[in-house]
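Everything below concerns the one structure shown next.
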Amino acid sequence: MSIIEPNSLLSVPTGLLRVSQSLGSRTIMFSLVIPTYKERDNIEKVVKTLSNLLDESIPGDYELIVVDDDSPDGTWEVAQSLMPEYPQLRVMRRQDERGLSSAVIRGWQVASGRILGVIDGDLQHPPHVLLQMLDAVGQRADLAVASRHVDGGGVSSWSFIRRFLSRGAQLLGLIILPGVLGRVSDPMSGYFLVRRTAIADVTLNPIGYKILLEVVGRGSVGEIAEVGYVFCERTEGESKVTWKQYVEYIHHLIRLRLSTGQLGKLSQHIGGFPIGRFLRFGLVGLSGLFVDMVVLYLLHDPTTLSLPLTRSKIISGEIAIINNFFWNDSWTFADVTMQQQEWRQRLKRFLKFNLICLAGLVLNVLVLNLVFHYIIRNSYIANLIAIASVTIWNFWINLKLSWRVTQVK
Ligand code: GDD
Ligand code: MN
């Protein structure tokens, strides 16, 4: 074992965000991570309150790990200066990595506890709730979450807007990821304890603030306990939440949706298939479908122009192609287009896209007629089937030819 200088900072783990199952020689019951960014005026009080509380209940069997992202106000320095007074305190200063969720996992990676936890460093999470959560995990639960939405929980004085946004985000999450958000009443909580074995040796991949989603989504979490708590107001410093966190939250939900459960298995199955890109392409296709349907109606329907089906379809299809090119070029393949922004290159892509889609359109008309005459005599349903099959064709060929992203080895 190496000799550790007094007051030295923890070194920052690198590589995958993965907590290992095996503990070193020194194992303890509980490791609590306190992520901080610009909490200079809070850190001492947090450390003091938590130490007092835990010294009484589990003396010597816990550690506090402050993970600070190199705060410009020197939070890490203040924390470091507290170490002689609080022997259970350890401090990490991260200089090359940023973000709340990854800070928490980096802290867990150096932890020696069989139970891992996280609490905000701004005193908004009442410390005494920890004891109830420790009890729960000590008994049967794999995870104990402090919740604002069970008995004894609440928020102190949130505006209507903030409550609305918080509940809206939760509802959206329930729709996208019911298997994860349906299991806890307060999936936004950043105050929870988890048994090491429930997340050990799983690579976590969080973005933004909501690390609990990651733990429930990717870990093997059996029983979950919830303990009510009141989210206090901040007295010092300020919240780091901005609009960016809402966008990251949605991004996080979608990524979890695609990489866990049935969909995750499917995407592993088809290996290198660019799922995200295909979904965007499909969404653009959907907008094209709408354009196509409306124009087809305007041209073909007996109550409007009542042109012949095939002629109507060719025109509506071409208008949809123009719509789709615009969105694919500026969104679906934005990363590719970024490097080829000249208008001549853009024109070339448009011509290729058009050509491929025209070939697709021929296919489309063929499928449409086949389906219409031999399977189902409804021009709209037939059109829908034709469009769906041609979308797959269009995606592949365009991926290979128009927005070329094949990697050369
Ligand atoms: N290391 C690190 N890096 N810490 C960070 C970062 C970062 O990029 N951003 C924020 N923190 C720390 C803060 O210093 C604080 O201790 C904690 O993470 C929470 O950040 P706040 O900015 O105070 O968040 P909040 O009070 O709005 O938000 C919280 O929302 C939930 C309830 O809706 C969450 O963070 C949850 O913990 C909380 O339960
Ligand atoms: Mn806060």
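When the chain is treated as a Gaussian network with alpha carbon springs shorter than 10 Å, the biggest mean-square fluctuation among Leu305, Leu399, Leu130 belongs to Leu305. Ordering 117-123, 155-161 by mean Cβ neighbour count within 10 Å, with the highest value first, yields 117-123, 155-161. In this structure the amide hydrogen of Glu226, modeled in the peptide plane, comes within under 5 Å of the amide hydrogens of Val145, none closer than 5 places in sequence on its chain. In this label model, His251 and Asp41 are separated by 3.1 nm, measuring between points 7 Å along each Cα→Cβ vector. Angle of helix 343-370 to the longest C-alpha principal axis of the chain, folded into 0 to 90 degrees and rounded to 10: 70°. If the chain linking Cys232 and Ser57 were pulled fully straight, counting 0.36 nm for each residue of separation and taking away their Cα-Cα distance, it would gain 60.7 nm. Residues whose amide H falls under 5 Å from that of Ser71, counting only those 5 or more places apart or on a different chain, are Lys38, Trp76, with hydrogens built in the peptide plane.
Using the Cβ-Cβ distance between Glu223 and Leu174 with R0 = 25 Å, the FRET efficiency computed as 1/(1 + (r/R0)^6) comes to roughly 0.75. Here each label is just a point 7 Å from Cα along the line to Cβ, and for Arg311 and Leu165 those points are 5.5 nm apart. Close amide H pairs (under 5 Å, H built 1.01 Å from N) link Val155 with Phe231, residues at least 5 positions away or on another chain. The length gained by stretching the chain between Ser389 and Ile322 to full extension, at 0.36 nm per residue less their Cα-Cα distance, is 22.2 nm.
Sparsely packed loop sites in region 132-198 (the trypsin sites (Lys or Arg not before Pro) outside DSSP H, G, I, E and B with at most 16 other Cβ atoms within 10 Å) comprise Arg140, Arg183. Largest GNM mean-square fluctuation among Ala146, Ala388, Ala200, using the chain with Cα springs under 10 Å: Ala388. Summary: within the chain, the longest segment free of GluC sites (Glu not before Pro) located in DSSP loops with at most 16 other C-beta atoms within 10 Å is 98-222.
A prolate overall shape is assigned to the chain, the ratio a/c of its alpha-carbon gyration tensor axes (a ≥ b ≥ c) being 1.5 or greater and a/b exceeding b/c. Loop-resident chymotrypsin sites (Phe, Trp or Tyr not before Pro) (DSSP state other than H, G, I, E or B) in region 183-276 with no more than 14 further Cβ atoms inside 10 Å of their Cβ are absent. Taking 0.36 nm per residue of sequence separation and removing the Cα-Cα distance, the Ser287/Ser22 pair yields an extension gain of 90.3 nm.
Each value in this text was obtained by applying a stated rule to the coordinates, not by laboratory testing. Computed from a prediction, not measured in an experiment: that's the story for all the values here. Note: ideal-geometry Cβ built from the backbone for every residue, glycine included; neighbour counts use all protein chains shown.
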